[in-house]
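Data block below; observations after.
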Amino acid sequence: MTEVAYGVHPLQKLKVFHHSPENTHTLLLIHGGAWNDPGNTYNDFMQMADSLMSKRVLVNVIGINYRLTPEIVHPFHLQDLVDGIEFLAREYNIFRILVLGHSVGATMALQLLNYKQILEAGYEHLQEKVDFSIPNLKIELDTIFFVDGIYDIADLVAEYGPPYQAFVDRAFVSRKQYAEAVQPSRAKFTSFDFSPKKIIVVQSLQDELLSLRQTHKFMAFLQLLGVPYSSHEEPWGAHEEVYRREELADLVSETLKQIDA
């Protein structure tokens, strides 16, 4: 288990829970935390990594940290994700990945599918113009696991009001910026630039922070695009428990077996 830096900021790091050059699959784990909570890191996935290793699943398991609000705002969180993936391709020759994102990690996983458009639009809304570079990712996405995610930020604010509006306003400079940051709220997104082979949507029925509304709206969006997916609405614990559940690790393990079958 090692930590490697993909940038100069202390949070621009990857945790390599397990890696072998012989593995053909890599699972990239993206933590949540409302874009701002330092209590959520790649260490959230320690139990999942241990579980996958105990099952002798032949997969590289890597978690990513990214810079947080209030130090930065959108689109820098997404920029860090893209830069981290580009680093894995360049330094580890990893071009075939599965992604698992929890909460706003799931938001970022969704943004990844149209990352160039979303990054460019996000930078346009910043008051101070910044120089940025958008890598041309040459990766193959096998599967994305969306776990108890946020997929339509404006609708999240409409559902929950001021408490959620507060952390959204810290992470984005305007309502227009966060509306343009996610695909389901914008009619312009009629397809994904990346086409993952499989999309798996997971929602714990015991999540106390997110109702099924976000997940159901996301699945309706996928249906509108004609994108196939499978879903699991299960009693898998509270918001900060679901990614630690053995059942989720089992789902990842079974998915990997199906890829190789």
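When peptides 159-167, 52-60 are ranked by their average number of other Cβ atoms within 10 Å per residue, the highest-first order is 52-60, 159-167.
Once the Cα gyration tensor of the chain is diagonalised, what are the square roots of 5 times its eigenvalues, in whole Å and ordered largest first, as equivalent ellipsoid semi-axes? Can you show the working numbers first?
Numbers: eigenvalues 131, 94, 64 Å².
Value: 26, 22, 18 Å, ordered largest first.
Estimated at the nearest 10 Å², the accessible area of Lys116 is 80 Å² with a 1.4 Å probe.
Cβ under 10 Å from His25's Cβ, His25 left aside: what net charge do those residues give with Lys, Arg +1 and Asp, Glu -1? Don't skip to the answer; put the middle values down first.
On the way: positive: Arg96; negative: Asp142, Asp260.
It works out to a net charge of -1.
Rounded to the nearest 20, the Cβ-based charge dipole of segment 1-89 about its Cα centre (Lys and Arg +1, Asp and Glu -1) stands at 220 debye.
Which whole DSSP H helices in the chain pass both tests: a Cα extent of 27 Å or more along the axis and a mean Kyte-Doolittle value no lower than 1.0?
On the way: long enough: none.
Helix filter hits for the chain: none.
In this simple spin-label approximation, Lys138 and Met1 carry label points 7 Å from Cα along the Cα→Cβ vector, and these lie 3.4 nm apart.
Residue ranking by accessible heavy-atom surface, 1.4 Å probe, largest first, among Asp131, Asp142, Asp250 comes out as Asp131, Asp250, Asp142.
Here each label is just a point 7 Å from Cα along the line to Cβ, and for Glu246 and Asp131 those points are 5.3 nm apart.
For segment 5-20, the Karplus equation 6.51 cos²θ - 1.76 cosθ + 1.60, evaluated at θ = phi - 60°, returns couplings of 8, 9, x, 8, 6, x, 8, 8, 9, 10, 10, 8, 5, 7, 8, 9 Hz by residue, with Gly and Pro reported as x. Between the alpha-carbon centers of segment 173-252 and segment 1-70, tell me the distance in whole angstrom. Using only Cα atoms, the two centres lie 20 Å from each other. With θ taken as phi - 60° and the Karplus curve 6.51 cos²θ - 1.76 cosθ + 1.60 applied, the whole-hertz 3J(HN,Hα) list for segment 37-45 is 8, x, x, 9, 9, 5, 5, 3, 9 Hz, x standing for glycine and proline.
Taking a 32 Å limit on the Cα-Cα distance, which of the listed pairs Lys15/Lys188; Lys55/Lys217; Lys15/Lys197; Lys138/Lys176 fall beyond it?
Numbers: Lys15/Lys188 35 Å; Lys55/Lys217 34 Å; Lys15/Lys197 25 Å; Lys138/Lys176 30 Å.
Flagged as over cut-off: Lys15/Lys188; Lys55/Lys217.
Toward the positive end of the charge dipole of segment 134-261, with +1 on the Cβ of Lys and Arg and -1 on the Cβ of Asp and Glu, the farthest Cα among Ala166, Ser204, Thr190 is that of Thr190.
For Met1, the solvent-accessible surface computed with a 1.4 Å probe is close to 130 Å², ligands and nucleic acids excluded. Put simply, the amide H of Ile30, placed in the peptide plane, has neighbours under 5 Å in Leu100, Gly101, His102, leaving out anything fewer than 5 places away on its chain. Each of Ser191 and Glu71 was given a label point 7 Å from its Cα along the Cα-to-Cβ line. The distance between the two points is 3.9 nm.
Given a 1.4 angstrom probe, what's the average accessible area per residue across segment 1-153, in square angstrom?
Values: 5760 Å² over 153 residues.
It amounts to 38 Å² per residue over segment 1-153.
Rounded to the nearest 10 square angstrom, Ser20 shows an accessible area of 30 square angstrom against a 1.4 Å probe.
Surface listing: Arg186, Arg244, Arg170 arranged by accessible area from highest to lowest gives Arg170, Arg244, Arg186, probe 1.4 Å.
The values are calculated or read from the model by the stated rules, or taken from the named source; none is laboratory data. Keep in mind it's a predicted model, so treat the numbers as computed, not measured. For neighbour counting, all protein chains shown are included, and Cβ atoms are generated from backbone atoms with ideal geometry for every residue, glycine included. Surface areas here come from the heavy atoms of the whole protein model, side chains and all, with no ligands, DNA or RNA. Shrake-Rupley method; radii C 1.70, N 1.55, O 1.52, S 1.80 Å.
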